[in-house]
Amino acid sequence: MKKLTIALLTLVFFSSVYGQDNSVPFEKSIFKERKDEFKIAVEHMENAEEIYENYPPSMWSQAIDDFEKAYAFNPKNAPLNYKLGDCYLNSNYKSKSLKFFQDAYKLNPSIQQDIHFKLGRGYHLSSMFEMALKEYKIHLTKITGKEIEAEKKLTNKLIRECNTAIEMVKNPIRVWVDNLGKNINSPFPDYAAQISADESVIIYTSRRPSEYSTEQIGGMYNEDIYISERDENWEWTKGRLISDRINVKDNDAISGLSPDGNSLFVYYHSGKDGGNLYQSQKTEEGWSKPKDLGKNVNTNKSWDTDASLSYDGKRLYFVSDKEGTKGGRDIWYSDWDAEKEMWGKSTNLGAPINTEYDEVGIFMHPDGKTMYFSSNGHKGMGSFDIYSSEMQADSSWSEPVNIGYPVSTPDADVFFSVSASGIHGYYSSFREDGEGEKDLYMITFLGKPKKPLLSGEDNLIASITKPIVEEIVQTKLDVHVKNLSLLKGKVLDAETKKPLLATVEMSDNSKGELLSNFKTESESGKFLISLPAGKNYGIAVKSEGYLFHSENFDIPADAGYQEYEKVILMKKVKVGESIVLRNIFFDLDKYELKPESKTELDRLLQLLIDNPTLEIEISGHTDTQGSAAYNQKLSEDRAGAVVDFLVGIGGIGRERFEFKGVGEAQPIISDAEIAKMKSKSQKEEAHAQNRRTEFKILKF
Amino acid sequence: MIFYEDMRIKLLSIICLLLIGGNIKAQDSTFINKLDSLGGLDDSTKAIMTYNEGLDFMNSKKYSEAISKFNSALTLNPGLVDAKFSRGMSYMQLGSDDKAIGDWQTCIKDSASYEKAYTEIISYYFNKGDYKNCKPYLDKAKVLNPKESKYHYNEGVMHFVSNNLDSALLSYNQAIQLNSKNAYALNDRAGIYVKQGELDKAIQDYENSVKADGKLSFVYNNLGSAYRKKELYDKAIASYTKAVELDDKYAIAINNRGMAYFAKGEVDKAKADFDKAISLKIDYALAYNNRASVYIQKEEWNLAVKDCNRAIEIDSEYAYAYYNRGIAKEMLRDLDNACQDWNKSYELGLDAGKTHFNTWCNR
């Protein structure tokens, strides 16, 4: 009864203070004929008011049901309309707020001092930007009170957002947006998708009930991390809890995933004062127990949330509101300290990425230079929009660019990950046609419209009646794709064909430096590495007791997106085994070793140092272009140059070597096979395969 | 008597001269017979007279009778080259090409400077597109009459067809220098300029060509295409329209005008032209493909696929139609088939097909 009285008083207060309204108050005398219904409606009001008055706006969505029931009884009450609008404004159904604010205003134009601001918000979130502008501008003339400057600042920001939105809606980007389906999404909030570079694994956060989340707190189940993989038909398997080593009774949320899908960043809430980042690795036994990322990343009393690894795994980008922030949450980075085996001191990324507002949802693309993040501080449509920025030659970041409407919307758009190809993006969104609450969606970037090709013909030769069709014009196409190659491999024992745990070293041959190394999945022998375009990569696969295997990928800067799949068969170190040294380079018709060969030679040298009894034969092979005699001599000289390096620079005894030139006698691909190839590039590739240096174990 | 004899010879000589001049018609043969009866005509004179009778038959399109007369004339005088030449002309009319060529070749053998025979042989091979057989005769004809514009023109065409554009240009230059109103040569030289990307020079030549002969619809069409390539769409449309005014069944010009409208962004007018071109030429693959492009622009994907299908049915090697069908299928979210189409267009020589294939079809 006491609560009922409070509710009635509140409603009467609204009505009397702002007066001159057509609002129908919740008064017993008005609803004499509907006593029982009135009583129930007031009870609903009471319940809703309890939440509205005593809890933060993020909880107000829980008041909607009761307010709606009261509204069904008396839709003409201005304060009720206003409050219901407010509740919707703070829910996933933001655009529904508009109707209630409009009705509240109609019933009583003086309902609240900020009604024009709320109307502006309603219009803004309903993508009615011109109307929103009008309301915000009226609000600017009506601001009073202590917070006048802050409110003016906020309103002006929203006005700017509306102006930006008007422009962005005029120039939408072409996308398809597809719900990821029932195997991924649930009737509960599903969000924060993290995707492996090849889109074969998705890990995401869900607030659905589970063995770890059995009760709702504040109307929501706790966050849990789920995983799903593509099946053989490239469909998502049913999402499942990721691991009992990762899922906990409290909130556990995905923060980031390495491009190869083998390293996972998890956010664990640590009470009122914040939460921290942890890392879990995929191991033979499954996902490891997450480890704290350490003091240089996590700090007490700060929210250290989203994380993303650089393509080479050497730098960690993360979000934190710790001391040193430019305002709110910022993006920071920390480099891996190989000596101390920990993440080093963190640095705020600064301008132009971070602003006085919030930057969250960091995602580093495997191309090694593009960052995606969400911000409410950059030029956007409202709330959080998604931005990209590219690392420049001097390692600075370009001015962030809004990814564009309709991916960015007036609502909060956070957590966006992009496939290696750059064609697909994954994010969460609330849509009426979804599975319920927030769902995960895949965006397909269509790029600019593909222009059709037309043909004409002319009678260019007057005396010949047959017209000449216009020659095919090979126009350069504008293709929205990343300059990146993905190497997807599987490492197996050459004899048993069983998967091997191996280390994959990635080197920049032109600089002679080791870029990074990765472990294969021991269970499957699989690995995935990103090779951003513009480098000559040496890839070496090593496993104990086996000869190393080398591959070369010379990827031009404008190569576009390519995927390579390799099955690497590792040979045991034993007499008679041989391997091709793919990263030993010579200039055309010369036998001097090019500097790019250094990493491979060092590898070979190390093998000889590690195995002092090893004696090997180096052989040079050429293609069949040029005379046989010439090729014979050239191949011999080249084999000799390798031995000279290992002896002269490496200090290995010459007696441990034999070398020979094989010339063109032992091609990997025969001339007959090459002759059958259609394109010039295929043929050249085949010749390149035949030009090689090999070594064979003579004694061990 | 001697006087009389002299008079008779002189009279016959005058008659022969008149006959050779073609001034005496076949119906005058009675008169000639009478003359013959006066003292007898020699074979040479009789051959000429018979030849003239043959010409009359030929002009009356009675080719078999003409051939018979030419044969008689040649029996009387095997060296009468004109009779061989005309017999060849008659054979050609009767479709006995080999006999015709044989006669003309004999003419050249008998008289190496008999230019008419060269001209006919050149025309014969040229029109058949048999430039290999044409060339030796053309070379000799050029030596016989280096000032004849049409020989240089023919030579230009032969170079043009074999894509030897620099040589073609030299020949056309020569042809135009000898006859600045050679509308054909001006048209063709412009064609070379188009191929070389020198559109201003092409436009200049096309404009001179239509000034020299304003009835050549194809020159207006070509001029339109040069303007279109220069993105001067209004001028292009005007020029195509002129071509269509001269020949309202000219599907090529109508299709080209559609392309100009398309480039100008007037897709409905473009579609109307492609419709018209198709109605004039039901197997016009290019127009189907172009109309598919309009449908793509209008995002009418199914109609685009349908028109591309027709274009491909007509010409299974038509790379553009596969490429465009790929675009439409992609937008219909039939990516597998879109990929197949882009790949096919690449196999047919369109690099753009490969670019799309690599971008969208990697998986």
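The values are calculated or read from the model by the stated rules, or taken from the named source; none is laboratory data. Note that the structure is predicted; figures quoted are calculated from it, not measured. Counting neighbours? That spans all protein chains shown, and the Cβs are built from the backbone with ideal geometry, glycine included. Each accessible area value is taken on the protein alone, full model and side chains, heavy atoms only, with ligands, DNA and RNA left out. Shrake-Rupley method; radii C 1.70, N 1.55, O 1.52, S 1.80 Å.
Across the residues of B:350-361, average count of Cβ atoms on other protein chains within 10 Å?
On the way: counts 4, 5, 10, 2, 1, 8, 3, 0, 8, 10, 9, 0.
The shielding value for this peptide is 5.
Restricting the calculation to Cα positions, tell me the Rg (one decimal) and the Dmax (whole number) of region A:483-541 in Å.
12.3, 37
Debye calculation, C-alpha points only, no solvent: report log10 I(q)/I(0) for region A:339-465 at q = 0.10 Å⁻¹, in the same order as the q values.
So the normalised log intensities are -0.45.
Once label points are set 7 Å from the Cα along Cα→Cβ at both B:Gln177 and A:Glu432, what is their separation, rounded to one decimal in nm?
Between B:Gln177 and A:Glu432, the label points sit 7.8 nm apart.
Of the accessible area of chain A, with the probe set at 1.4 angstrom, what percent is carbon plus sulfur? Before the final figure, lay out the partial values.
Numbers: 16360 of 32180 Å².
Result for chain A: 51 percent of the exposed heavy-atom area is carbon or sulfur.
Hey, any idea what % of region B:55-176's accessible area is carbon plus sulfur with a 1.4 Å probe?
Values: 2910 of 6000 Å².
On region B:55-176, the fraction of accessible area on carbon and sulfur atoms equals 48 percent.
What is the set of long-range amide H partners of A:Arg174 at a cut-off below 5 Å, with H atoms built 1.01 Å from backbone N?
Hits under the 5 Å cutoff: A:Leu446, A:Gly447.
Which whole-number value in Å² is the accessible area per residue of region B:208-363, probe 1.4 Å?
On the way: 6640 Å² over 156 residues.
In whole numbers, region B:208-363 has 43 Å² accessible per residue.
In this model, which of A:Lys535/B:Lys329; A:Lys676/A:Lys699; A:Lys32/A:Lys142; A:Lys451/B:Lys195 are farther than 31 Å apart at the alpha-carbon?
On the way: A:Lys535/B:Lys329 36 Å; A:Lys676/A:Lys699 40 Å; A:Lys32/A:Lys142 39 Å; A:Lys451/B:Lys195 23 Å.
Pairs exceeding the cut-off: A:Lys535/B:Lys329; A:Lys676/A:Lys699; A:Lys32/A:Lys142.
Quick one: accessible area per residue over region A:540-621, 1.4 Å probe, rounded to a whole number of Å²?
Working: 3860 Å² over 82 residues.
Accessible area per residue: 47 Å².
Please report Rg (one decimal) and Dmax (integer) in Å for the Cα set of region A:391-448.
Answer for region A:391-448, Rg first and Dmax second: 13.9, 45 Å.
Quick one: Karplus J couplings for region A:440-454, per residue in order, coefficients 6.51, -1.76, 1.60, θ = phi - 60°, nearest Hz, x for Gly and Pro?
8, 10, 10, 9, 10, 7, 8, x, 5, x, 6, 7, x, 9, 10
Could you rank the peptides B:319-329, A:127-137 by their average count of other C-beta atoms within 10 Å per residue, with the highest value first? If you can, show how the numbers build up before the last one.
Working: B:319-329: 26.9, A:127-137: 19.5.
Order by mean packing, descending: B:319-329, A:127-137.
Once fully extended, how much extra length lies between A:Gln606 and A:Glu285, figured as 0.36 nm per residue of separation less the alpha-carbon to alpha-carbon distance? Could the numbers behind the result be given before it?
Working: separation 321, 0.36 × 321 = 115.56 nm, distance 3.17 nm.
Full-extension gain reported as 112.4 nm.
For region A:589-700, what is one quarter of the convex hull surface built on the Cα atoms, given in nm²?
Values: hull surface 29.7 nm².
It is 7.4 nm².
Rounded to the nearest 10 degrees, what's the angle between the helix A:2-18 long axis and the longest principal axis of chain A, both from Cα atoms, 0 to 90?
With both axes taken from Cα atoms, the answer is about 90 degrees.
Can you return the aspartates and glutamates within cross-link range of A:Lys35? Criterion is Cα-Cα under 17 Å, with same-chain partners fewer than 8 residues away left out.
Answer for A:Lys35, where 17 Å is the Cα cut-off: A:Glu27, A:Glu43, A:Glu46, listed by chain and number.
Which links in A:Lys511/A:Lys598; B:Lys215/B:Lys269; A:Lys660/A:Lys683; A:Lys282/A:Lys322; A:Lys295/A:Lys340; B:Lys69/B:Lys128 stretch past 20 Å when you go from one Cα to the other? Intermediate values should be presented prior to the final figure.
On the way: A:Lys511/A:Lys598 9 Å; B:Lys215/B:Lys269 26 Å; A:Lys660/A:Lys683 26 Å; A:Lys282/A:Lys322 29 Å; A:Lys295/A:Lys340 13 Å; B:Lys69/B:Lys128 29 Å.
Long pairs (Cα-Cα over 20 Å): B:Lys215/B:Lys269; A:Lys660/A:Lys683; A:Lys282/A:Lys322; B:Lys69/B:Lys128.
Sort A:297-309, A:591-603 by the packing proxy (mean of other Cβ within 10 Å over each peptide's residues), most packed first. Intermediate values should be presented prior to the final figure.
Working: A:297-309: 21.8, A:591-603: 18.5.
Top of the packing list down: A:297-309, A:591-603.
Just how many % of Cα pairs in chain A lie over 48 Å apart, if you round to the nearest whole percent?
Working: 82222 of 244650 pairs.
Within chain A, distances greater than 48 Å cover 34 percent of Cα pairs.
From the backbone phi of region A:528-539, what are the Karplus-calculated ³J(HN,Hα) couplings (6.51 cos²θ - 1.76 cosθ + 1.60, θ = phi - 60°) in whole Hz, Gly and Pro given as x?
Each residue of region A:528-539 in turn: 9, 10, 9, 10, x, 5, x, 9, 9, 8, x, 10 Hz.
As an exercise, use a Förster radius of 60 Å and the Cβ-Cβ distance of A:Val469 and A:Glu655 to find the FRET efficiency, rounded to the nearest 0.05.
0.30
Can you compute the radius of gyration and Dmax for region B:317-357, using only the Cα atoms, both in Å?
According to the Cα coordinates of region B:317-357, Rg and Dmax are 8.6, 25 Å.
How many angstrom lie between the C-alpha centres of region B:155-185 and region A:30-53?
97 Å
When the helix-only estimate is applied to chain A (DSSP H runs of n ≥ 4, each -39,500 (n - 2.57), divided by the residue count), what is the mean residue ellipticity at 222 nm, nearest 500 deg cm²/dmol? Mind dumping the intermediate values first?
On the way: 12 runs with 169 residues, N = 700.
The per-residue figure over chain A is -8000 deg cm²/dmol.
Checking a compactness column here: for region A:77-164, what do you get for Rg(Cα) / (2.2 N^0.38 Å), N being the number of residues? Please list the in-between numbers first.
Details: Rg = 12.1 Å, N = 88, 2.2 N^0.38 = 12.1 Å.
Against the compact-globule rule of thumb, the ratio is 1.01.
Would you list which aspartates and glutamates come within 15 Å of B:Lys344, measuring only between C-alpha atoms, while excluding same-chain residues fewer than 8 positions from it?
B:Glu313, B:Asp315, B:Glu317, B:Glu330, B:Asp336
Compute the Rg to Rh ratio over region A:166-265 from the alpha carbon atoms, using the Kirkwood formula for Rh, and round to two decimal places.
Details: Rg = 15.4 Å, Rh = 14.8 Å.
Checking Rg against Rh, the ratio lands at 1.04.
Give me the residues in region A:401-437 whose solvent-accessible area, probe 1.4 Å, is reduced by at least 40 Å² once all protein chains are included instead of the chain isolated.
A:Ile423
In whole angstrom, note down how far apart the Cα centers of region A:572-621 and region A:410-425 are.
44 Å
Taking only protein heavy atoms and a 1.4 Å probe, what accessible area per residue, in Å², does region B:124-175 have with all protein chains in place? If you can, show how the numbers build up before the last one.
Values: 2660 Å² over 52 residues.
Per-residue accessible area for region B:124-175 comes out at 51 Å².
Which far-off residues, 5 or more places away or on another chain, put their amide H under 5 Å from the one on A:Glu577, with H placed in the peptide plane?
When sequence neighbours closer than 5 places are left aside, the close amide H contacts are A:Ile697.
Holding the Cα-Cα limit at 26 Å, pick out from A:Lys314/A:Lys488; A:Lys182/B:Lys354; A:Lys448/B:Lys298 the pairs that are longer than that. Write down the numbers at each step before the final one.
Details: A:Lys314/A:Lys488 20 Å; A:Lys182/B:Lys354 35 Å; A:Lys448/B:Lys298 15 Å.
As for pairs spanning more than 26 Å Cα to Cα, those are A:Lys182/B:Lys354.
Send over the semi-axes of region A:109-209's equivalent ellipsoid, whole angstrom and largest first, taken as the square roots of 5 times the C-alpha gyration tensor eigenvalues. Intermediate values should be presented prior to the final figure.
Numbers: eigenvalues 283, 65, 34 Å².
Working from the Cα gyration tensor, I get semi-axes of 38, 18, 13 Å.
Between A:Ala665 and A:Ser627, what is the FRET efficiency for a Förster distance of 22 Å, r being their Cβ-Cβ separation, to the nearest 0.05?
0.95
Select from region A:452-470 all residues whose loss of accessible area on going from the chain by itself to the full protein assembly reaches 50 Å² or more (probe 1.4 Å).
A:Pro452, A:Leu453, A:Leu454, A:Ser455, A:Glu457, A:Asp458, A:Asn459, A:Leu460, A:Ile461, A:Ala462, A:Ser463, A:Glu470
To one decimal place, what orientation-averaged projected area in nm² is obtained for the convex hull of the Cα set of region B:260-331?
Numbers: hull surface 16.7 nm².
For the Cα atoms of region B:260-331, the hull's average projected area reads 4.2 nm².
For a quick check: with amide H placed at 1.01 Å from N, whose amide H comes under 5 Å from A:Met342's, ignoring anything fewer than 5 positions away on the same chain?
The list, which skips near neighbours in sequence, is A:Asp337.
What would the Debye equation give as log₁₀ I(q)/I(0) for chain B at q = 0.06, 0.11, 0.14 Å⁻¹, counting only Cα atoms as equal point scatterers?
The Cα Debye sum returns log10 ratios of -0.40, -0.91, -1.14.
Buried accessible area between B and A (1.4 Å probe, both chains summed, ligands and nucleic acids excluded), in Å² to the nearest 100? Don't skip to the end; give the middle numbers.
On the way: alone 19290 and 34320 Å², together 49680 Å².
Summing both sides, the interface buries roughly 3900 Å².
List the aspartates and glutamates whose Cα lies under 13 Å from the Cα of B:Lys230, skipping any in the same chain that are fewer than 8 positions away.
Answer for B:Lys230, where 13 Å is the Cα cut-off: B:Glu198, B:Asp200, listed by chain and number.
Once Lys and Arg get +1 and Asp and Glu get -1 on their Cβ, which of B:Ile203, B:Asn52, B:Gly156 lies farthest toward the positive end of the dipole of chain B?
Positive-end residue among those listed: B:Ile203.
Calculate, axis by axis, the spread of Cα positions in region A:538-601 along the three principal axes, and write the results as whole Å, longest axis first.
The principal-axis extents, from largest down, are 40, 33, 17 Å.
Tell me, what ³J(HN,Hα) does each residue in region A:162-170 have, in order and in whole Hz, if you take phi through Karplus 6.51 cos²θ - 1.76 cosθ + 1.60 with θ = phi - 60° and put x for Gly and Pro?
5, 4, 5, 4, 4, 5, 5, 5, 5
Inside 10 Å of the C-beta atoms of B:251-258, what's the mean count of C-beta atoms belonging to other chains?
Numbers: counts 2, 5, 4, 0, 4, 7, 1, 2.
Per-residue shielding by partner chains comes out at 3.
Quick one: Kirkwood hydrodynamic radius for region A:640-700, alpha-carbon pairs, angstrom, one decimal? Could the numbers behind the result be given before it?
Numbers: mean 1/r = 0.0717 Å⁻¹.
It works out to 13.9 Å.
Please report, to one decimal in angstroms, the Kirkwood hydrodynamic radius of region B:71-154 built from all distinct Cα-Cα pairs. Intermediate results must be reported in sequence, preceding the final value.
Numbers: mean 1/r = 0.0769 Å⁻¹.
About 13.0 Å for region B:71-154.
Go ahead and collect, in residue order, the members of region A:326-365 whose backbone nitrogen is under 17 Å from a label point 7 Å along the Cα-Cβ direction of A:Ser58.
Flagged as within label range: A:328-330, A:358-361.
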